[in-house]
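Okay, structure first, notes after.
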Amino acid sequence: MNSLLRTTARCLRPGAAVCLPRQADGRVWSAPARLLCAAADLQKDLGEMVKKDKVVVFMKGTPAQPMCGFSNAVVQILRMHGVDDYAAYNVLEDQDLRQGVKDFSNWPTIPQVYFNGEFVGGCDILLQMHQNGDLVEELKKLGIASALLDAEKESK
């Protein structure tokens, strides 16, 4: 019983937080992350997290305040395409989440981007997709019209 209490207390430590998708008024809310510590449970939770929203980003910091250049680049690329409604999880707030998402995707770096539960890649992959036009097509598959298409139409 003591073991169960210690494990529960460790898993629910204060300070762990995640960012929720932007609200209609543009604010990003954060909420406590109550992820289970057991590796199998964490992997199951991550599977549910990446499927919950069309676009999910595991990043250092928040969309409003990215804490590394690569995370900032992902936020800027999504912003250029008009993608503001996405789930962003701050891995700096929870070391178990930080390592768990790396294990989940078998990808060693942060940020990590998911579309409809499928791992897309990190900053380098998203940048490449942006540059070659694949990102517009992938967003279209998600039912998201890229703002770059609208800007292109307006300039003609």
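With a cut-off of at least 1 residues that are touching a residue at least 24 places away in the same chain (Cβ under 8 Å), out of contact with any helix residue (DSSP H, G or I) (no Cβ under 7 Å at 6 or more places or on another chain) and crowded, with 16+ Cβ neighbours inside 10 Å, name the helices (runs of 4 or more DSSP H) lying wholly within region 42-141.
Details: elements: 69-80, 95-105, 123-132, 134-141.
Fully inside region 42-141 and qualifying: 69-80, 134-141.
Only one of (1) open to solvent by 70 Å² or more (accessible area, probe 1.4 Å); (2) over 22 Å from residue 143 (Cα atoms); (3) at pLDDT below 80 fails for residue 37. Which number is that?
(1)
For residue 129, indicate whether it is out of contact with any strand residue (DSSP E or B) (no Cβ under 7 Å at 6 or more places or on another chain) and of a type in the set (A, V, I, L, M, F, W, C).
For residue 129, the condition - out of contact with any strand residue (DSSP E or B) (no Cβ under 7 Å at 6 or more places or on another chain) and of a type in the set (A, V, I, L, M, F, W, C) - is met.
Specify which of the listed residues (96, 85) is acidic (Asp, Glu) and within 14 Å of the chain's Cα centre (by Cα).
85
The values are calculated or read from the model by the stated rules, or taken from the named source; none is laboratory data. Quick caveat: nothing in here was measured; it's all calculated off a predicted structure. All Cβ positions, glycine included, derive from the backbone under ideal geometry; neighbour counts span all protein chains shown. Heavy atoms of the whole protein, side chains included, go into the accessibility calculation; ligands, DNA and RNA do not. Shrake-Rupley method; radii C 1.70, N 1.55, O 1.52, S 1.80 Å.
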